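See structure below.
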Amino acid sequence: MPSPLTDVRVLDLSSRLAGAYATKLLADAGADVVTVETSDGHPLRQWTAGGSPLPAGEDGALFRWLHGGRRSVTSGAVDALRAAADIVVVDDPHDHGPGAVVVAISDFGGSGPWKGRPATDLTLQAESGSIASRGVPELPPVAVGGRLGEWTAGVYAAAGAVAALRSWQRSGVTERVEVSVFECMLVTQNMHEPLHAALAGSDAYTRWVQVPSVERAADGWVCFSLVTGQQWLDFTAMIDRPDLGDDAGLSNMLGRWPRRQEIYDAIEPWLRERTVDEVVEIAAGFRLPVAHVSDGATVAAMEHFTKRGVFSASPYGGYPQPSPPYHSSAFSTRGPAVAPRVGEHTDEVTAAWHSRPAPDAGAQVRPLHGVRIVDLTAFWAGPSSSGYLAALGADVVKVEAVQRPDGIRFAGGQITQADGWWDWSWVFQGANAGKRGITLDLTKQEGRDLLHRLLADADVLMENYSPRVMEQFGLGYEALAAQHPQLVVMRMPAYGLDGPWADRVGFALTMEALAGMAITTGHPDGRPTCPGGALDPIAGMHAVFATLLALHHRDRSGGGHLVEVPMIECALNTAAEPLLEHGAYDVVLGRTGNRGVGAVLQDVYAVAGDDAWVAVAVTDAAQALSLADVIRGRGGSVPEALSDQARWTDDREALAKELAAFFAELDGEGVVADLVAASVPAAVVRLPTVADRNEHLDARGFYEAHEHPTLGTVRYPVLPTRFASWSGPVHVRPAPTLGQHNDEVLGGELGLSEAELVGLSERGIIGDRPAGL
């Protein structure tokens, strides 16, 4: 089968992981990707997450995987190559060089008071509210391992590139796309907590974890994610403690947290008598979200992954590496390939790449103007995906049922029990801005008939049910394609549409654990810690990317097709390093707390105040000297080991204690200001509820106010990808109330009369409030 981006040229001038992942995604889809390097090579060539020494002339496993199948040129006639490229990826947000589409990835973007501010993954996590949300109050807050922000920015950049390419091909007008890693973190590693604070009228926040979450069984760790009250009841039945299920105070996650020790004492005997495999098998039988807590040594051997062919064989020894995290019935992705040598293709590319005529000029509109998407998704992953597509200009019609509204709506009951409480969920609001909302009971033929009428003029249907649900509705792909041959059907199952685990219930936390994210997050001597749901919007953005590819392919070849984006495969791609490091070097990556990788000297330090912290990172000798200057300027004693980079690792614990003593009595805001002024990456560890109160975000207009019928003024985050040609609001409307647009869509567009709408409401096919209330 063809690849969707065949004949698309991509020039990669970036140097960071985010750029490498963005261009890998484009290469997987068939683009001709050329990396521009200096004679010293790309910085990732010598990178290993576990610090494994590389033989002379050998590139690291991560570089080889990310750069497989692309070509390399050394710096030379770059402007000529840029003029011939369709997409150019750069680090500098102020880059004004040639290129039909230029995508710039930077920490804070090219505008606002923080542009150019020194930063690392750790300090960006701190300012975004990510670190402060993770862990337990008895221990310091802890960062996500594995540079997740870079991977996230990479998929945002890839999606932005394809969206801008679509616009350029229709208008002939060049586009500049700006991706802020900080803003990507704000909408993935922070679960819309600023919206929560605004709706609740309180900034209060305490670190907590789900109970149960990551727990120890007889031979290892296992992860649960009990989101609903029914799941808790089923869990208590499974462990033979129905008395806990009868306790109304334990029915929700927040109620279980204060009584966590009581619950741990109750579940520990049951877990310690069983292996992880046994626990997972039993819990899956109860349809509970459950998973192994895997590392690079265990994840590759799991039966589900081997039977689905989730991994391919590396051309460097045959060890497993992740395959692209989406599958299409109409187009293929590129297979494993070797990475280029530095400058290997300079003459070849220079001779072959010449400027091509621009498309005929046309009206410049948003990339998905004129596209209709029918959205059956729920919770966070699917709605965040369709929400991004709505911002790209698509008309997204969200379909719920009064019998089964989007389950994430019910988080609003934690704020108010007043009528209309189902509109108060902060995650629902954050993920669904820009959409219209209708209700249809798809268990009834009348509801399915109306859905088919809606699909007659639609371009995309999106859903993230477990695989058997659509078939039970009679809405499997074959049935849909028979009636709607033009339709792209985007399915987002947890584990895929087939394989041994296809029918398992999956939530972000269990898949974060399974993919290797939890085993690399947490304090070294503590339990593994899930990132906390970030996988939901990250998987959602992979679905955005795949949807844009599907539309691009359909525009060229005609006809709809099926696209499958399993959440677990998105997790395995963005947590590729544990798998690659084990396969290539027999290294099992583990937890390093806030020490992380990439900056030998970094940590989170307590400062004056209640549970107040700062994040500080030193990546080179110059920054170490600057940190020493700040310590002296504040009257502190400079640790002797700070001036000798060779001692940073050997004297790490002693150095950490001396630095902790220095920061302990300082005002966090003041010392961070001093450090940043001295070009040392530093940040206050912000509560997630106040991460929006930031002069930089205000200057960039990252939050956009809309009037909601129930909630009044709501400030919605816009996109962490900025398109230079756009003007006006990013979102055309706030998130919909339940069934808000029934009359507009079913009446005004499908032509149902008022009497017909009343009859549908009386029969429960449509409505505007949850059934039974």
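Observations on the model:
Residue-by-condition table, conditions (1) closer than 22 Å to A518 by Cα; (2) surrounded by 14 or more Cβ atoms within 10 Å (Cβ to Cβ); (3) not aromatic (F, W, Y):
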| site | (1), (2), (3) |
| --- | --- |
| L254 | yes, no, yes |
| R260 | yes, yes, yes |
| D265 | no, no, yes |
| E273 | no, no, yes |
| V280 | yes, yes, yes |
| G285 | no, no, yes |
| V293 | yes, yes, yes |
| H304 | yes, yes, yes |
| R308 | no, yes, yes |
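- Within the span defined as region 592-608, one or more residues are open to solvent by less than 20 Å² (accessible area, probe 1.4 Å), outside any loop (DSSP other than H, G, I, E, B) and modelled with pLDDT of 95 or more.
- Test for V489: is it modelled with pLDDT under 95 and aliphatic (A, V, I, L, M): no
- Criterion (open to solvent by less than 70 Å² (accessible area, probe 1.4 Å), of a type in the set (F, W, Y) and within 23 Å of the chain's Cα centre (by Cα)) met by exactly one of W422, W353, W380: W380
- Residues (of a type outside the set (S, T, Y), assigned to a loop (DSSP other than H, G, I, E, B) and open to solvent by 20 Å² or more (accessible area, probe 1.4 Å)) located in region 667-684: D667, A678
- Within region 79-94, residues that are open to solvent by less than 10 Å² (accessible area, probe 1.4 Å) sit with their Cβ atoms under 7 Å from residues that are of a type in the set (K, R), at 6+ positions apart or across chains, in these pairs: A84/R9; A84/R356; A85/R9; V88/R82.
- The lone exception for Y716 - which of (1) in contact with an Asp or Glu (Cβ under 8 Å, 6 or more places away or on another chain); (2) part of a loop (DSSP other than H, G, I, E, B) it fails: (2)
- The one condition in (1) over 23 Å from A546 (Cα atoms); (2) surrounded by fewer than 24 Cβ atoms within 10 Å (Cβ to Cβ) that W168 fails to fulfil: (1)
- Some residue of region 442-450 being within 26 Å of M470 (Cα to Cα), open to solvent by less than 20 Å² (accessible area, probe 1.4 Å) and assigned to a loop (DSSP other than H, G, I, E, B): yes
- Scanning region 463-513 for residues that are under 25 Å from the mean Cα position of the chain (by Cα) and on the phi > 0 side of the Ramachandran plot, we see that the one that is least open to solvent (accessible area, probe 1.4 Å) is G496.
- Selection of region 233-251 for residues being in contact (Cβ under 8 Å) with a residue 24 or more places away in the chain and surrounded by 15 or more Cβ atoms within 10 Å (Cβ to Cβ) yields D234, F235, M238, I239, R241.
- Residue in region 348-364 that is farther than 22 Å from V565 by Cα, among the β-branched types (V, I, T), assigned to a helix (DSSP H, G or I) and in contact (Cβ under 8 Å) with a residue 12 or more places away in the chain present: yes
- Among residues of region 115-140, those that are part of a loop (DSSP other than H, G, I, E, B) and closer than 21 Å to G526 by Cα, counted: 8
The values are calculated or read from the model by the stated rules, or taken from the named source; none is laboratory data. A quick note: this is a predicted structure, and the numbers were derived from the prediction, not measured. Cβ atoms come from the backbone with ideal geometry, glycine included; neighbour counts cover every protein chain shown. Only protein heavy atoms, including side chains, enter the accessible area calculation; ligands, DNA and RNA are left aside. Shrake-Rupley method; radii C 1.70, N 1.55, O 1.52, S 1.80 Å.
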